[in-house]
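The structure appears below as structure tokens.
The values are calculated or read from the model by the stated rules, or taken from the named source; none is laboratory data. Just so we're clear, the structure is a prediction, and the values are computed from it rather than from any experiment. A quick note on method: Cβ atoms are made from the backbone with ideal geometry, for glycine too, and the neighbour counts reach across all protein chains shown. Please note that ligands, DNA and RNA were not included when accessible areas were found on the heavy atoms of the full protein model with its side chains. Shrake-Rupley method; radii C 1.70, N 1.55, O 1.52, S 1.80 Å.
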Amino acid sequence: MLSAEIQKPLQQPVIALLTDFGITDGYVAAMKGVLLTLCPMAHIIDISHHIEPQNVRQAAYVLLSVYRYLPPETIVVAVVDPGVGSSRKPIAVQTSQGTLIGPDNGLFSYVLRKIKYENVYALENPMYHVSGPSTTFHGRDIFSPVAAHVANGVPLHKFGPNLTKLEWLPDPKLHITSETVQGEVIHVDHFGNAITSIGHLTWDADDMVKLYPIFKVSFDEGITEIPQFGVEAVEIAIKDTVIEFLSLTYASVPKGQLISLINSAGMLEIAVNQGHAAQQLGIAAGDMVTLNFG
Amino acid sequence: MLSAEIQKPLQQPVIALLTDFGITDGYVAAMKGVLLTLCPMAHIIDISHHIEPQNVRQAAYVLLSVYRYLPPETIVVAVVDPGVGSSRKPIAVQTSQGTLIGPDNGLFSYVLRKIKYENVYALENPMYHVSGPSTTFHGRDIFSPVAAHVANGVPLHKFGPNLTKLEWLPDPKLHITSETVQGEVIHVDHFGNAITSIGHLTWDADDMVKLYPIFKVSFDEGITEIPQFGVEAVEIAIKDTVIEFLSLTYASVPKGQLISLINSAGMLEIAVNQGHAAQQLGIAAGDMVTLNFG
Amino acid sequence: MLSAEIQKPLQQPVIALLTDFGITDGYVAAMKGVLLTLCPMAHIIDISHHIEPQNVRQAAYVLLSVYRYLPPETIVVAVVDPGVGSSRKPIAVQTSQGTLIGPDNGLFSYVLRKIKYENVYALENPMYHVSGPSTTFHGRDIFSPVAAHVANGVPLHKFGPNLTKLEWLPDPKLHITSETVQGEVIHVDHFGNAITSIGHLTWDADDMVKLYPIFKVSFDEGITEIPQFGVEAVEIAIKDTVIEFLSLTYASVPKGQLISLINSAGMLEIAVNQGHAAQQLGIAAGDMVTLNFG
């Protein structure tokens with residue numbers, strides 16, 4: 001889109017924010033103020049500010065589900081950071097699609113299982129921090145100014161030393177045999193849909209090949225194709241309930257009826273057409289779900 | 001503002017989003033990612049993402065109340081879409097003020113009663129969709145890429161065939177005689193104010209002429225003038241309560257007192273000064289309201 | 001950043017919004033529509049739209065806590081406005097950092113205690129309002145169009161007459177002796193942290209000098225330095241609880257434990273590591289807090 005002569009700092013960089021700060025108090029606005037002070041051309045996207053407080057795992061899943069749809073070279077600033085000010089390191093990671101900035105607490109580990117990355121840097125150079133940074137709000141005082149400087153073209157190695165080891169979240173539970181896949185609920189969304197660990201985002205390539213006849217997920221292109229049904233029988237068990245089929249759309253069952261489908265992130269999801277599955281079945285993150293091939 | 005030589009794709013287009021997705025999960029961010037990937041210059045406005053899940057009628061009202069204040073040529077992407085992936089069509093509508101993009105389920109019908117429109121197109125051309133679109137998230141996979149391409153100057157007829165018939169919501173209840181107007185509550189807002197179907201947005205020109213002496217609404221300019229009071233007596237009945245006057249401002253009655261006024265959208269509204277009318281009176285959308293001329 | 005020849009109207013102005021409107025109804029979107037219609041280059045930041053309805057004092061605190069981080073020349077539009085349409089005046093204030101626009105009800109008084117300001121104008125010139133403004137939504141009809149015109153370079157004196165007197169909120173409770181500081185909770189944030197009136201934002205320079213040995217707040221630069229602990233004993237009393245130390249970070253105590261620290265705005269804050277202090281102790285805005293020097 002841009003000619004070779006136009007340098008990176010002149011583009012309109014995209015900075016995407018993911019926090020557990022809520023939107024009542026002005027914490028996010030302080031971050032945006034710092035970003036736009038240092039990089040007036042930045043285009044800021046809010047991924048979410050409603051991650052459950054300190055729930056790093058939920059943030060990791062939400063980031064994963066969105067990441068491939070962000071513009072190339074997007075700078076993600078993710079701050080779910082119960083260890084702020086402690087020994088946990090502030091980091092920046094160069095991926096094949098952009099830059100990830102935030103605390104080294106596993107927040108990026110789901111994305112980094114699926115996306116190639118190169119170097120990781122500890123953000124220790126105070127020259128790129130807000131002067132006299134607080135010990136409780138690195139989102140404003142370290143992560144935002146660093147993101148703005150990245151947007152302005154400062155290379156990552158300027159921010160601090162290379163790190164060779166990252167904190168990593170445990171993978172979501174997932175046990176695959178030829179007859180059964182056992183997983184867990186990893187997220188309940190705004191509609192009450194229960195999204196499980198079974199599917200595209202958590203599977204390795206080997207799993208994909210094994211289950212491809214069922215889910216028809218195109219691993220190479222990263223896009224979920226429409227699954228083919230009826231070829232093999234499947235049933236999905238969660239709590240005391242069994243759903244005996246996979247559906248294509250929410251509207252393919254009557255209003256209020258339980259349904260299971262492969263969602264828009266390529267994951268097995270339990271839903272209720274125009275209803276709230278999590279409330280109806282009492283589902284929470286961590287609940288087990290089993291997929292049986294008949 | 002722009003000289004004639006500058007083509008549409010070079011402007012800074014405004015894209016306005018209206019959904020029931022909430023802002024916790026990253027669904028909206030995925031849409032914005034697609035929009036900015038394809039149209040980096042877009043300026044995105046969030047109309048609301050807190051429409052009650054699947055409440056097409058509420059979305060239709062919120063869109064109507066905002067529509068005239070959006071910049072000329074705004075591209076609205078509205079996704080309250082219980083039928084996603086089913087036979088309901090994804091559409092784009094060319095209006096005198098811009099483009100409306102979303103499912104053909106009546107979402108646009110309140111706006112299209114008040115605003116001139118020309119052509120409607122079914123968004124069937126896969127060339128303008130995200131490759132391998134999901135069956136559950138057309139907001140990301142069909143509506144957003146189409147909106148970005150419209151912003152980039154692609155004419156609507158490229159997206160699919162012309163449609164001659166649209167889905168239409170039933171009009172809000174409204175019965176007008178010389179002595180009485182009967183209507184219904186169409187929306188309870190953030191403050192607990194109950195907005196009724198009685199007023200500028202739902203009335204035809206004939207109704208306007210009839211009631212003009214009371215409400216002094218300037219139909220041609222689309223702006224509510226300040227009503228003249230005391231000329232004729234009116235009373236407003238809702239639930240078991242009667243309000244015996246129309247007020248100009250919330251502050252014209254003591255704190256905590258019930259009030260009725262013509263709101264900023266030109267609609268009859270029941271409110272409580274610095275209170276929550278809907279909770280105080282137990283009002284919900286669909287409740288009847290009667291306006292009597294003494 | 002810009003050469004001297006480039007006039008203000010050609011910059012990318014930042015307009016920051018602070019309201020109690022919520023984000024469900026489209027009220028904020030109507031404001032943004034007016035802003036972008038009149039000033040298509042504006043970059044809009046949402047400070048918060050979740051101020052408790054009509055809580056001017058909460059809005060004043062949130063604005064104060066964010067204000068120094070907004071870009072230079074930011075135009076703030078703040079609308080928490082129970083007196084809308086009544087005799088309270090719509091105003092614009094020129095500060096050393098930008099422009100404040102909103103109702104004259106004390107909303108700006110916390111900021112104006114800390115930031116130099118010059119002139120105040122009543123926004124009486126209808127030429128810069130939406131034609132036929134409503135009596136209930138000056139955010140859309142007066143404050144937004146005025147903000148857009150300011151962004152476009154219209155000088156403040158064009159909007160109306162100079163005002164010599166402003167409405168002022170009472171200062172937060174604060175009583176300082178050599179042994180004790182008594183203050184009050186001024187805000188409970190999204191995490192349940194109770195932010196008190198004791199600290200940088202509310203203290204005068206004299207107070208700062210007196211308490212500097214304890215809090216080590218750098219008044220001149222406006223940045224909170226890390227406090228030095230152990231030099232003097234302090235204890236913080238709130239409700240029936242006494243906290244016997246100040247901490248540097250949330251993570252410096254075990255999860256679930258009560259903590260007191262100087263927060264990122266330089267204020268004394270009561271928190272629970274990864275918990276909700278306000279719920280745990282039953283704290284609400286207005287509760288007394290005492291800081292004793294041992």
Among (1) open to solvent by less than 10 Å² (accessible area, probe 1.4 Å); (2) away from chain A (no Cβ under 14 Å); (3) assigned to a helix (DSSP H, G or I), there is one condition residue B:64 misses while meeting the rest; what is its number?
(1)
So residue A:93, is it out of contact with any Pro (no Cβ under 6 Å at 6 or more places or on another chain) and buried (at least 24 other Cβ atoms within 10 Å of the Cβ)
no
The conditions are (1) open to solvent by 40 Å² or more (accessible area, probe 1.4 Å); (2) part of a loop (DSSP other than H, G, I, E, B); (3) of a type outside the set (A, V, I, L, M, F, W, C), and residue C:113 fails exactly one of them. Which is it?
(2)
Restricted to segment A:170-195, and to residues that are at pLDDT below 95 and in a loop (DSSP other than H, G, I, E, B), which residue is nearest to residue A:124 (Cα to Cα)?
A:170
Restricting segment B:239-264 to residues that are of a type in the set (Gly, Ala, Ser) and either under 14 Å from residue B:277 (Cα atoms) or away from chain C (no Cβ under 11 Å) (or both), the one farthest from the chain's Cα centre (by Cα) turns out to be B:256
Tell me, which residue of segment B:16-59 that is of a type in the set (Val, Ile, Thr) and not in a strand (DSSP E or B) is farthest from the other protein chains (Cβ to nearest Cβ)?
B:56
From the set of residues in segment A:153-171 that are buried (at least 16 other Cβ atoms within 10 Å of the Cβ) and under 15 Å from residue A:98 (Cα atoms), which is nearest to the other protein chains (Cβ to nearest Cβ)?
A:154
Within segment C:78-110, residues being within 16 Å of the chain's Cα centre (by Cα) and either within 13 Å of another protein chain (Cβ to nearest Cβ) or assigned to a loop (DSSP other than H, G, I, E, B) (or both) number 14
Lone unmet requirement of (1) in contact with a strand residue (DSSP E or B) (Cβ under 8 Å, 6 or more places away or on another chain); (2) at the interface with another protein chain (Cβ under 8 Å from one of its Cβ atoms); (3) under 28 Å from residue B:140 (Cβ atoms); (4) open to solvent by 30 Å² or more (accessible area, probe 1.4 Å) for residue A:74:
(4)
Residues satisfying the stated conditions in segment B:243-294, i.e. in contact with a helix residue (DSSP H, G or I) (Cβ under 9 Å, 6 or more places away or on another chain), more than 26 Å from residue C:30 (Cα to Cα) and crowded, with 21+ Cβ neighbours inside 10 Å:
B:291
